[in-house]
Amino acid sequence: MNIFAKSPTKLSSINLIYSGKVIHEKKPFRGVSHLAEHLMSYAVRDLESEYDKYGIISNACTGPLYVSFYLQGLERYVKKFAEDFITKIMSFTPSRELFERERKVVLEEYKDCFTDQISSYLLNQSRINYDYCGAIGYREDLENLSYEQYLEFQKTFFSKPDKLLYVGSKPIDFKLDFATTDCNKIFNFSNSSTLKLEQQSEFKEKAVVHLHTQLAGNELPYAKFACALLSKGMDSPLFRTVREENALAYFVNCGAPSFSYNFATMDILTQVSDENLQFTFEVIENVLNNVEKFITRKRFNDMITSYKITLEKDDINRYSNISKFITPYENTIDYLLDNKLLTYSNVIDFLKSKQGKFYHFSDKKI
Ligand SMILES: [Zn+2]
């Protein structure tokens, strides 16, 4: 699918998008979409000095929902390089030597993800809860993958992109053969995960505080807005109670990550001293159990204004802020706004429906 978004500035981007690869990865290919992202990026390696000369950013990223290769910069230069960029990436086959070398880099990046307490905890917890390794994959699969297996994988999953998104002054016409990958997948709680956990360092003194719940079909946009109400800024209920009043933590985050187009969760995360673990859960539960007291109508209205301003700012930077153009509309807060569903009572009712439904998880004994 060709997608065009009009840029309000001279900044532009071309984004070649392969959807839903990571969520469908199975043994022995867990983490191989990410490796493909690294390897296919070498298609334009000989152009890097030209990109630098013209102030073009050339990069790629792998998330659970898509792998994207992109160029960003002033439109006249993005246009100059766009077609060649796409053609080269789509027709690239890495050599055996490049495959062996880049696999080492990807394994180093993999290990880096387990040096930080929070990211290490979250990756292991996803293995325990959902039997799922995410974009970074599984060490064993990456180590044992043969060059021939890799080529077969790339041919199967990366021959056709799903989307080509151009942000600029007017559409450019590329005739590509597109795939339509299914991005729906329900993740069930697993009680029999056989995935090995990555050994993490002994994180002395600090414990992860994690409250986790699954979202039903249409709850995701409500959860996104509820997260802002609960944790955006120093005046948010979670910052005030956890940080200011009780001095338990430096940060507290609330988010609603999408695993797929039809499965998402809501998570509250912070990191506290071991001895405060239990009490922090109590402080957070107290907020969740008294949402009407902690979330005033004024706070609600302020956050709506804040959201609309964020949208306006994102629109100015839409060349680099592409998520809006590839996220299903029903999953966005815009959908609630446009359909007059974003009311105080709807969001409070959503939060009340989650009372008592958050699992308490930690990397230390609770
Ligand atoms: Zn990487």
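Derivation of every value follows stated rules applied to the coordinates shown; laboratory data play no part. Quick caveat, the model's predicted, so the values are computed rather than measured. Here Cβ is always computed from backbone atoms with ideal geometry, including for glycine, and neighbour counts include all displayed protein chains.
Within the chain, DSSP assigns beta bridges of which about 90% are antiparallel (rounded to the nearest 5). Legend: ranking of residues Thr265, Thr194, Thr93, Thr181 from fewest to most surrounding C-beta atoms inside 10 Å; resulting order Thr194, Thr93, Thr181, Thr265. In the structure shown, the pairs Lys232/Lys308; Lys206/Lys365; Lys163/Lys224; Lys10/Lys160 are assessed against 21 Å; a Cα-Cα span above that value is assigned to Lys163/Lys224; Lys10/Lys160. Over the residues of the chain, the helix contribution to mean residue ellipticity at 222 nm works out to -12000 deg cm²/dmol, using -39500 (n - 2.57) for each DSSP H run of at least 4.
Have a look at His24, Ser95, Tyr110 and report the one farthest towards the positive end of the charge dipole of the range 7-129, computed about the Cα centre with Cβ charges (Lys/Arg +1, Asp/Glu -1). Checked the options; the winner is His24.
As a rough footprinting exposure proxy, the listed residues Ile57, Ile89 were ranked by other beta carbons within 10 Å of their own, and the order from fewest upward is Ile57, Ile89. For the range 183-256, chymotrypsin sites (Phe, Trp or Tyr not before Pro) meeting the loop criterion (DSSP other than H, G, I, E, B) and having at most 11 other Cβ atoms within 10 Å: Phe189, Tyr250.
Exposure proxy shown here: for His210, His38, His360, the number of other Cβ atoms within 10 Å sets the order, fewest to most, as His360, His38, His210. For the range 300-366, trypsin sites (Lys or Arg not before Pro) are listed when DSSP marks them as loop and at most 12 other Cβ atoms sit within 10 Å of their Cβ; the list is Lys340, Lys357, Lys365. Normalised by residue count, the range 2-168 yields a Cα convex hull volume of 129 Å³ per residue. Rounded to the nearest 0.05, the FRET efficiency derived from the C-beta distance between Asp349 and Glu97 at R0 = 51 Å is 0.30. For the range 200-262, trypsin sites (Lys or Arg not before Pro) meeting the loop criterion (DSSP other than H, G, I, E, B) and having at most 11 other Cβ atoms within 10 Å: Lys204. Relative contact order of the chain, taken over Cα pairs closer than 8 Å and 6 or more residues apart, is 22 percent.
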